[in-house]
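One structure is given here, and the rest of the page talks about it.
The values are calculated or read from the model by the stated rules, or taken from the named source; none is laboratory data. Source: prediction; values computed, not measured. Ideal geometry is used to build each Cβ from the backbone, glycine not excepted, and the neighbour counts take in all protein chains shown.
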Amino acid sequence: GNSVTQMEGPVTLSEEAFLTINCTYTATGYPSLFWYVQYPGEGLQLLLKATKADDKGSNKGFEATYRKETTSFHLEKGSVQVSDSAVYFCALSDEYTGNQFYFGTGTSLTVIP
Amino acid sequence: NAGVTQTPKFRILKIGQSMTLQCTQDMNHNYMYWYRQDPGMGLKLIYYSVGAGITDKGEVPNGYNVSRSTTEDFPLRLELAAPSQTSVYFCASRGGDSRTDTQYFGPGTRLTVL
């Protein structure tokens, strides 16, 4: 079946530090991969996506590369800001069950000045 | 476009009461979803719909019902509320082309059952 595993949080970083949030997946087909961000009191928003192997999604300084050989989609940012404090969710959508999305448990990030 | 809207934002129910969570989208998306998010957990799919008149169960459908009479609306009905249904409920719709295809989420309804 399909599943997504994210690194456990919470993560606390100082401003301008490097961020990595690990995400690995299991899928029956060739999934599309997503990172969503949830700010306090709000719904999830798409941060970036990749639809095939070796694709790199990027947005707002965040990047993630679709690695089929390691079934991973790790989120990275070179220099985090206080405004990046949020919960980050990795997700997949499989071509065979394309109606459904599968989410990881989320990783809480706090950036301190 | 307003996107996906949900009402109410907050609600407290007593055990055994019923209520309907409203969800409306103005993007003409065929796919719509209901999730629940428990504290410190990811999202669990309750029900989804691939178009008006068509609904299907997700991972945790027990205690809930849905209907989809129009493309825009996808209400979630709780019958006989239980404390285990205390959660934050998110509605989402899905659409876009191959480049932008993703889910769009509403702001959520925080439900407490006492």
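Points to keep in mind about this one:
- When A:Glu16 is tested against the conditions (1) touching a residue at least 40 places away in the same chain (Cβ under 8 Å); (2) out of contact with any His (no Cβ under 9 Å at 6 or more places or on another chain); (3) not in a loop (DSSP other than H, G, I, E, B), the lone failure is (3).
- The one condition in (1) crowded, with 16+ Cβ neighbours inside 10 Å; (2) in contact (Cβ under 8 Å) with a residue 24 or more places away in the chain; (3) more than 12 Å from chain B (Cβ to nearest Cβ) that A:Val82 fails to fulfil: (1)
- Some residue of region A:58-66 being within 14 Å of chain B (Cβ to nearest Cβ), under 26 Å from B:Lys57 (Cα atoms) and of a type in the set (Gly, Ala, Ser): no
- B:Pro61 in a loop (DSSP other than H, G, I, E, B), surrounded by fewer than 18 Cβ atoms within 10 Å (Cβ to Cβ), modelled with pLDDT under 95 and not basic (Lys, Arg): no
- So A:Glu42, is it of a type in the set (D, E, K, R) and in contact (Cβ under 8 Å) with a residue 12 or more places away in the chain: no
- Selected residue (only one of A:Val4, A:Val111, A:Val37 is surrounded by 15 or more Cβ atoms within 10 Å (Cβ to Cβ), more than 14 Å from every other protein chain (Cβ to nearest Cβ) and either closer than 22 Å to B:Met41 by Cα or charged (D, E, K, R) (or both)): A:Val111
- Selection of region B:44-58 for residues being in contact (Cβ under 8 Å) with a residue 12 or more places away in the chain and part of a strand (DSSP E or B) yields B:Lys44, B:Leu45, B:Ile46, B:Tyr47, B:Tyr48, B:Ser49, B:Val50, B:Gly51, B:Ile54, B:Thr55.
- Region A:85-108, residues that are closer than 15 Å to A:Thr26 by Cβ and facing another protein chain (nearest Cβ under 10 Å): A:Cys90, A:Ala91, A:Ser93, A:Gln100, A:Phe101, A:Tyr102, A:Phe103, A:Gly104, A:Thr105
- Criterion: at pLDDT 95 or above and either within 13 Å of chain A (Cβ to nearest Cβ) or part of a loop (DSSP other than H, G, I, E, B) (or both) - qualifying residue of B:Ser69, B:Ser98: B:Ser69
- Qualifying residue in region B:21-43 (condition: in a loop (DSSP other than H, G, I, E, B), surrounded by 15 or more Cβ atoms within 10 Å (Cβ to Cβ) and among the polar types (S, T, N, Q)): yes
- So B:Thr55, is it under 27 Å from B:Asp101 (Cα atoms), β-branched (Val, Ile, Thr) and more than 12 Å from chain A (Cβ to nearest Cβ): no
- Enumeration of residues in region A:58-76 that are surrounded by fewer than 21 Cβ atoms within 10 Å (Cβ to Cβ) and not in a loop (DSSP other than H, G, I, E, B): A:Ser58, A:Asn59, A:Phe62, A:Glu63, A:Thr65, A:Arg67, A:Ser72, A:Glu76
- With respect to the conditions (1) in contact with a Gly (Cβ under 7 Å, 6 or more places away or on another chain); (2) surrounded by 14 or more Cβ atoms within 10 Å (Cβ to Cβ), B:Leu80 lacks only one, and its number is (2).
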